[in-house]
1. Could you work out which residue, out of T118, T245, T299, moves most in a Gaussian network model of the chain, that is, has the largest mean-square fluctuation with Cα springs under 10 Å?
2. Which of [x] 5, 21, 25, 23, 15, 7, 3, 1, 0; [y] 6, 25, 32, 25, 10, 1; [z] 6, 26, 32, 21, 8, 4, 2, 1, 0 is the computed P(r) over Cα pairs in 10 Å bins from 0, in percent for the structure on display?
3. Sort 280-291, 256-267, 232-243 by packing, meaning the average of other beta carbons within 10 Å per residue, with the highest value first.
4. R0 = 30 Å: FRET efficiency of E64 with V173, Cβ-based, nearest 0.05?
5. Using modelled amide H (1.01 Å from N, peptide plane; none on Pro or chain starts), what sits under 5 Å from the amide H of I66, excluding residues fewer than 5 places away?
6. Short version: ³J(HN,Hα) in whole Hz for each residue of the stretch 275-282, in order, from phi by Karplus 6.51 cos²θ - 1.76 cosθ + 1.60 (θ = phi - 60°), x for Gly and Pro, what are they?
7. Can you give the local net charge around H99? Use residues other than it whose beta-carbon is closer than 11 angstrom to its beta-carbon, Lys and Arg +1, Asp and Glu -1.
8. Using a probe radius of 1.4 Å on heavy atoms only, what accessible surface per residue do you get for the chain? Whole Å² is fine.
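The values are calculated or read from the model by the stated rules, or taken from the named source; none is laboratory data. Keep in mind it's a predicted model, so treat the numbers as computed, not measured. Positions of Cβ are backbone-derived with ideal geometry, glycine not excepted, and every protein chain shown enters the neighbour counts. Protein only, heavy atoms only, side chains kept; ligands, DNA and RNA dropped before computing areas. Shrake-Rupley method; radii C 1.70, N 1.55, O 1.52, S 1.80 Å.
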Amino acid sequence: MTAQDSATHPSRIAVTTATAPQETAGTRRAAPPHSSSRRSGTVMAALGVTAFSLTFPSTAWGLEGIGPWSFVALRCVLSAVIAGGALLALRVPLPARHHWAGLAVVAAGVVIGFPLLTTLALQTSTTAHAAVVVGLLPLTTAVFSALRTGARPSRMFWAAALTGAAAVIAFTVQQSGGALSTADLYLFASLLICAAGYTEGGRLAREMPGWQVIGWALVLCLPLAVAGAAVALQSEPFRLTGHSTTGLLYSAIGSQFLGLVVWYRGMAAIGVPKASQLQLAQPLLTLVWSVFLLGEHLTPAAPLTAAAVLVCIAVTQRARG
């Protein structure tokens, strides 16, 4: 179009502007995910939830021979070394400068905060009790996502999410006799910091591969983890047994690295709110592992809670928004 055409036919400019794809900061707006992408994302998120459900039993095993601060620091060191090795081997370039703030939130919430607070809680709490308290994480994550990313799930979504959270709270109160302990305070604090890390990680996973999100967050924490391990190992017990070694290795590799890789891929595909609701199944899976791996006993309320939570998961996954 010539300059004269522009002057005499302004409508052409309006049409061109209206129909051009909108881009911000050089990035084209992502197309809506296809059904196959949503299915794949749901599978990835479900694999992440399964990996996370073994975190508390593996932590309980680790604490049989390793102090809580040493356990968290060593867990971070091992997973960071694996992640850093993968990033180096594949020659992944450093993230853009504007991504580092988000990666710091992921590191503070998912790599350090949540593991440390839940490990401290598990010193005095059973894995079953801790699992049901952390069952509030899906709702907490959905709230953080709505505030941070502007996501607006439907009313049906929120109704199902709140119902699932209410079932988890009722189960928790029944288990604890209505009294909150120091362990519960640790657990509730872990919900807030982990939800922030999940939300920021899910946002970043739309702009960079999910495994790189957790990989760089782990590398970011490596210096602090090495220093923490050096101090903690001098003042805490450290005894490698079959259980403590297995618990440490699984927490570092299975939960903190591989589990988060598939989890962030799933969140990027189906969105943070819907992926977070799959975690309503996590406490129930953890209850199963606590019986088979730790010999803990379930109360009759567990199957009823399981049924209510699974119904809520089905509703949130079908809800629009």
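1. Its mean-square fluctuation being the largest, the pick is T299.
2. Entry [z].
3. Values: 280-291: 22.1, 256-267: 26.0, 232-243: 12.9.
Answer by packing, highest mean first, reads 256-267, 280-291, 232-243.
4. Details: r = 29 Å, r/R0 = 0.97.
For R0 = 30 Å, the calculated efficiency reads 0.55.
5. Correct list: R239.
6. So the Karplus estimates, Gly and Pro as x, are 4, 5, 6, 5, 6, 4, 7, 4 Hz.
7. Values: positive: R97, R203; negative: E200, E207.
Its environment carries a net charge of 0.
8. Value returned for the chain: 48 Å² of accessible area per residue.
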